[in-house]
Amino acid sequence: MSAHAPAAPKTRTAPPRPPSGFPLGFYRYRNYVLFAATSVFMALGCFALLEAVYALSRGEAAWNAWLAAMAKPHFLVLSTVILLFTLYFAFRFGWVGRKIGAGRIGPVPRPPLPMLVLGVAPLGGFVTLWLILLAVLAGVLR
Amino acid sequence: MKLIHKLEPLWWILFGAGGFVAGFFLPALLLGVLILAPLGLLGDGLSYDRAHALAASLPGKVFLSAVISLVLWHCAHHLRHFALDLGSHSLAPLAAYVSYGLALAGTVATLAIVGAL
Amino acid sequence: MELRKVKFEVLRFRPEQDDEPVFQTYEIECMEDWVVLDALNAIKDDVDPTLSHRWSCRMGVCGSCGMLVNGRPVLTCAAFVRNYSGTIRVEPLSNFPIVRDLVVELDSFVAKIKSVKPWIIRKIEKDVAEGEYRQSPEQLDEFKQFSMCINCALCYAACPVLANEPDFVGPAAIALAHRYNLDSRDEGNAERFEVLDSHDGVYACSYANECSQVCPKHVDPGGAIQQAKLNDFLQWAHLLPKRSFT
């Protein structure tokens, strides 16, 4: 504003309009909503794991009964849905999470270019770790 | 609510750590325990004796407690912020107390249940 | 050169006559190489001189001509008409109050940029006779990307958080703060900390990453915010002192 001219009176403004297509109209905002929904399903997954641990702590009969219950079709469907959302979460979190590693954090400088390129492909690292963990669960390892 | 705001960095680091362990461990854990084991496709990998031995060992207990509670904190923080994105300004304190309260309850339950192994 | 008749559905708002914004359709002949800004200027010149819109350099460096085209925030000087089919919808930037037609009030944006003190802060300024501040190419590389912001506010229009939390400091401001915190010449990390650490600061970001998707200068404010979050946490937890590390 000029130091010489008096400030012009402000005219009435129209209220801000929200981003077009939020939350479900535009595919990227829709993905953002799906990403939020992963938290619902991962929490359910944690609840199921806690149930499993609880059954495990009550003895062999309880554990086998729990396994039998989880083998019912409706639970298998639910477990698959939970797993799919968890996988979507893992890819999206890994894909965007690499940005943290791409910059300076305090005294630790930005990684050199080869490391940055590796960070672009979290898929390989994730899948390897998952296979190792599955192998542990299956008794193949340790 | 002021305390919640003052502790934002704490909620965020729990969110980040929870996301980290969720990405690294949750898919395989869920696939193995919720789908493959009930279907009998893991051989005797998760038979009672082996599963109990794995879970009740010290590394097993630490692993399970850490993964389950951190993921719960992750989910709480994410859902609280998503509630804000949907415009519930008046519900903001409720969203924060409910989500973090549930995460805290979940952590306590996890430690109790895992501890009972 | 081929001419093509294109329909534009433009949001109008004239406070002296409109209760609320309303769409008005124009049909004009566009040349093959036109951008949406060319069309708006043609509308204003030849069809409706009352249409108001901001523009300046028309080459993507001034940041004046940001608008929503078919719902996405773009610089209209970089949005080619030939890349759109059917009627093209032009609206002012979302998340900002509308002053008139396609012109939005950017006061909050400017205030947020200022709030992060986007200038070199020194505890003691060097005397000119002592010479310049030396900076290596590696030190420049640390923050150069985040210095490319042209303040076009497209990131603010795209951010879903800002729609309901208008006090969120926002992508451009945080990226700019991060740019100065990474600058080896700067000693003002502690002074920016309070703004970044507040609950309207970095932690209000929910990492939709829409800001980085729409940024015309590839600043990647989303990435800057995530790095700022981790740095901020370490400083909040007193694991790192509040100073620049470059």
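The values are calculated or read from the model by the stated rules, or taken from the named source; none is laboratory data. Keep in mind that what you see is a predicted model, and the values were worked out from it rather than measured. A quick note on method: Cβ atoms are made from the backbone with ideal geometry, for glycine too, and the neighbour counts reach across all protein chains shown.
Where in the range B:6-117 are the helices (runs of 4 or more DSSP H), entirely inside, with at least 2 residues that are within 19 Å of the chain's Cα centre (by Cα), more than 9 Å from chain A (Cβ to nearest Cβ) and among the aliphatic types (A, V, I, L, M)?
In the range B:6-117, B:8-30, B:58-85, B:92-115 are the helices (runs of 4 or more DSSP H) which contain 2 or more residues that are within 19 Å of the chain's Cα centre (by Cα), more than 9 Å from chain A (Cβ to nearest Cβ) and among the aliphatic types (A, V, I, L, M).
Inside the range C:24-49, can you point out the residues that are in a strand (DSSP E or B) and in contact (Cβ under 8 Å) with a residue 60 or more places away in the chain?
Matches in the range C:24-49: C:THR25 only.
Answer yes or no as to whether B:ALA55 is of a type in the set (A, V, I, L, M), touching a residue at least 60 places away in the same chain (Cβ under 8 Å) and in contact with a helix residue (DSSP H, G or I) (Cβ under 6 Å, 6 or more places away or on another chain).
yes
Kindly indicate which of C:GLY71, C:GLY63, C:GLY86 is in contact with a helix residue (DSSP H, G or I) (Cβ under 9 Å, 6 or more places away or on another chain), on the phi > 0 side of the Ramachandran plot, surrounded by fewer than 22 Cβ atoms within 10 Å (Cβ to Cβ) and of a type in the set (Gly, Ala, Ser).
Of the residues listed, the single one that is in contact with a helix residue (DSSP H, G or I) (Cβ under 9 Å, 6 or more places away or on another chain), on the phi > 0 side of the Ramachandran plot, surrounded by fewer than 22 Cβ atoms within 10 Å (Cβ to Cβ) and of a type in the set (Gly, Ala, Ser) is C:GLY63.
Quick one: would you say C:ILE113 is crowded, with 16+ Cβ neighbours inside 10 Å, away from chain B (no Cβ under 14 Å) and in a loop (DSSP other than H, G, I, E, B)?
When the stated conditions are applied, C:ILE113 does not pass them.
What tally of residues in the range C:205-246 results from selecting those that are at positive phi, in contact (Cβ under 8 Å) with a residue 60 or more places away in the chain and at the interface with chain A (Cβ under 8 Å from one of its Cβ atoms)?
Residues that pass the stated criteria total 1.
Being surrounded by fewer than 19 Cβ atoms within 10 Å (Cβ to Cβ) and within 30 Å of A:PHE26 (Cα to Cα) narrows it down to one of C:ALA78, C:ALA129, so name that one.
C:ALA78
Here is a list: C:ILE124, C:ILE113, C:ILE150, C:ILE120. Which entry is free of Cβ contacts under 8 Å to residues at least 40 places away in the same chain and among the aliphatic types (A, V, I, L, M)?
Testing whether each residue is free of Cβ contacts under 8 Å to residues at least 40 places away in the same chain and among the aliphatic types (A, V, I, L, M) leaves just C:ILE124.
So in the range C:77-106, with the set limited to residues that are within 18 Å of C:PHE23 (Cα to Cα), more than 13 Å from every other protein chain (Cβ to nearest Cβ) and not aliphatic (A, V, I, L, M), which one is nearest to the chain's Cα centre (by Cα)?
C:THR87
With a cut-off of at least 2 residues that are in contact with a strand residue (DSSP E or B) (Cβ under 7 Å, 6 or more places away or on another chain) and buried (at least 24 other Cβ atoms within 10 Å of the Cβ), name the helices (runs of 4 or more DSSP H) lying wholly within the range C:151-235.
Of the helices (runs of 4 or more DSSP H) lying wholly inside the range C:151-235, those with at least 2 residues that are in contact with a strand residue (DSSP E or B) (Cβ under 7 Å, 6 or more places away or on another chain) and buried (at least 24 other Cβ atoms within 10 Å of the Cβ) span C:154-158.
Taking the condition of being at the interface with chain B (Cβ under 9 Å from one of its Cβ atoms) and among the aliphatic types (A, V, I, L, M), how many residues in the range A:25-36 meet it?
2
Taking the options A:LEU137, A:LEU113, A:LEU56, name whichever one is buried (at least 17 other Cβ atoms within 10 Å of the Cβ) and at pLDDT below 90.
A:LEU137
Going by the structure shown, is C:ASP141 of a type in the set (Asp, Glu), assigned to a helix (DSSP H, G or I) and within 13 Å of chain A (Cβ to nearest Cβ)?
yes
Check B:ALA116, B:ALA51, B:ALA76, B:ALA92 and return the single one that is crowded, with 20+ Cβ neighbours inside 10 Å and modelled with pLDDT under 95.
It is B:ALA51.
In the range A:30-47, is there at least one residue being aromatic (Phe, Trp, Tyr) and within 30 Å of C:GLU105 (Cα to Cα)?
Checked against the condition, which is being aromatic (Phe, Trp, Tyr) and within 30 Å of C:GLU105 (Cα to Cα), the range A:30-47 yields at least one hit.
Would you mind telling me which numbered condition in (1) touching an Asp or Glu at 6+ places or on another chain (Cβ under 9 Å); (2) among the acidic types (Asp, Glu); (3) closer than 24 Å to B:ASP85 by Cβ C:GLU142 fails?
That leaves (3) as the condition not met.
Would you check if there is a residue in the range C:14-22 being part of a strand (DSSP E or B), hydrophobic (A, V, I, L, M, F, W, C), farther than 13 Å from C:ILE88 by Cβ and without any contact (Cβ under 8 Å) to a residue 12 or more places away in the chain?
Scanning the range C:14-22 turns up at least one residue that is part of a strand (DSSP E or B), hydrophobic (A, V, I, L, M, F, W, C), farther than 13 Å from C:ILE88 by Cβ and without any contact (Cβ under 8 Å) to a residue 12 or more places away in the chain.
Taking the range C:163-174, which residues are under 16 Å from C:ASP197 (Cβ atoms) and within 15 Å of the chain's Cα centre (by Cα)?
Passing the criteria: C:PHE168, C:VAL169, C:GLY170, C:ALA173, C:ILE174.
Could you list all residues from the range C:186-209 that are among the charged types (D, E, K, R) and within 17 Å of C:PRO241 (Cα to Cα)?
C:ASP186, C:GLU187, C:GLU191, C:ARG192, C:GLU194, C:ASP197
For the range A:43-79, which residues satisfy the criterion of being more than 7 Å from every other protein chain (Cβ to nearest Cβ) and closer than 27 Å to B:HIS74 by Cα?
A:LEU44, A:PHE47, A:GLU51, A:ALA55, A:TRP66, A:HIS74, A:PHE75, A:VAL77, A:LEU78
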